[in-house]
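The values are calculated or read from the model by the stated rules, or taken from the named source; none is laboratory data. All values derive from a computational prediction rather than experimental measurement. Positions of Cβ are backbone-derived with ideal geometry, glycine not excepted, and every protein chain shown enters the neighbour counts.
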Amino acid sequence: MPATVRLGKISDSYLRYIGPLGEQIQAHLGENRTTHVASVCMDPDQPMVPGRSVVKFFHLSDKGWLNEYAAWTMAQILGVRVPPKAALLVGSRSDITDGHGPELKQATKHVSTPLVLWCTSAMEPHRNIQTALGRSWESSVLKTEAGRRIAAMDGWLGNCDRIASNLLWWASESGALMAIDHEKAAFNQDWTLKTPEHLDEPSADGTPARVRTHLIDHIQHARKSNDKKTRQAASGMANAISALSKHHPDAWKAFREDLAVAAGNNFGPAARDRLLSFLDYRVTEDSINRRLGLVI
């Protein structure tokens, strides 16, 4: 059975602030400035056993925490490697004390609404993918099935933030790829307020896609190369990702109802329906092929 996200209270489960994110894993582009390391109880089977965790703050009304929860859970079902444990901790400003560290103290300084902490296992030792594989890391990643699984999942969720700092090379697992940071799913469009657009699809009049997820964008550029072997390799990768994506409908069925409940309870029925509609369409064969450029 896939792992599940532990639900808990900040007052019960956040035990001790450890420190800021290490420089070797600090995301310099688009980072969430509240991210830090703490001792947190994350295991549903052992709710009082703490573990070293990367913690990120959200307002309860912020779509980011639900994006993180949805992507982490779907990764478990799809066989994409992510940090093995995760927790959503809820609370209020009054739950945050000096013992929770400067990141949370600053973030909650003027907060009057409920807040959520997204917590995942701190994976050490590791390096971000560009440090491990160099500037051309995308090609190396896409040559592996693990990398293509990540590309397929990012394409479905519309995760536009798979920059080098959001893909880890986990040394403890002999160079295993690990995906982190999914708060910008749906191309960072606010599905709580409006219906998100499928920005990676060409329009009916032939206008090119406005934006693509990072690894698929790399493939599309390679398909335009002057080198025949590069073009052939890119086309093979696109077809391989399409084949992996054909398994997404069954995986989506396994999680759709739980996501509907979480989105509806926290953001209301209209927002829930907008998010589900976005994901329902993107799991179809037509959408998969359009974003991969396989439509004739």
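When you look at residue 194, is it modelled with pLDDT of 95 or more and among the basic types (Lys, Arg), yes or no? The answer is yes for residue 194.
It is to be established whether one or more residues within the range 160-177 are assigned by TED's automatic domain parsing to the domain that holds residue 280 and modelled with pLDDT of 95 or more. Checking the range 160-177: not a single residue is assigned by TED's automatic domain parsing to the domain that holds residue 280 and modelled with pLDDT of 95 or more.
Okay, residues lined up against (1) within 23 Å of residue 147 (Cβ to Cβ); (2) under 17 Å from the mean Cα position of the chain (by Cα); (3) of a type outside the set (D, E, K, R):
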| site | (1), (2), (3) |
| --- | --- |
| 207 | no, no, yes |
| 222 | yes, no, yes |
| 227 | yes, no, no |
| 234 | yes, no, yes |
| 245 | yes, yes, yes |
| 263 | no, yes, yes |
| 273 | no, no, no |
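Residues that are aliphatic (A, V, I, L, M) and within 23 Å of residue 294 (Cα to Cα): does the range 254-273 have at least one? No; the residues of the range 254-273 include none that is aliphatic (A, V, I, L, M) and within 23 Å of residue 294 (Cα to Cα).
For the list (1) touching an Asp or Glu at 6+ places or on another chain (Cβ under 9 Å); (2) surrounded by fewer than 21 Cβ atoms within 10 Å (Cβ to Cβ); (3) in a helix (DSSP H, G or I), I need the number of the one condition that residue 192 fails. Here residue 192 clears every test but (3). Restricting the search to the range 249-296, which residues are among the basic types (Lys, Arg) and more than 16 Å from residue 67 (Cα to Cα)? Those that are among the basic types (Lys, Arg) and more than 16 Å from residue 67 (Cα to Cα): 253, 290, 291. Based on what the data block shows, is residue 120 of a type in the set (Ser, Thr, Tyr), at pLDDT 95 or above, in contact with a strand residue (DSSP E or B) (Cβ under 8 Å, 6 or more places away or on another chain) and not in a loop (DSSP other than H, G, I, E, B)? For residue 120, the condition - of a type in the set (Ser, Thr, Tyr), at pLDDT 95 or above, in contact with a strand residue (DSSP E or B) (Cβ under 8 Å, 6 or more places away or on another chain) and not in a loop (DSSP other than H, G, I, E, B) - is met. A single member of 250, 205 is without any contact (Cβ under 8 Å) to a residue 12 or more places away in the chain, within 30 Å of residue 270 (Cβ to Cβ) and assigned to a helix (DSSP H, G or I), and it is 250. Flag not set for residue 210, criterion: among the basic types (Lys, Arg), outside the structural domain of residue 88 (by TED's automatic domain parsing) and surrounded by 14 or more Cβ atoms within 10 Å (Cβ to Cβ).
Note on the range 238-264: among residues that are in contact with a helix residue (DSSP H, G or I) (Cβ under 8 Å, 6 or more places away or on another chain) and more than 18 Å from residue 73 (Cα to Cα), the one that is modelled with the lowest pLDDT is 246. If you go through the range 41-71 and keep only what is surrounded by fewer than 21 Cβ atoms within 10 Å (Cβ to Cβ) and among the acidic types (Asp, Glu), you end up with 43, 45, 62.
Let's see how each residue does on (1) among the small types (Gly, Ala, Ser); (2) buried (at least 17 other Cβ atoms within 10 Å of the Cβ); (3) modelled with pLDDT of 95 or more:
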site	(1), (2), (3)
186	yes, yes, yes
201	no, yes, no
266	no, yes, yes
273	no, no, yes
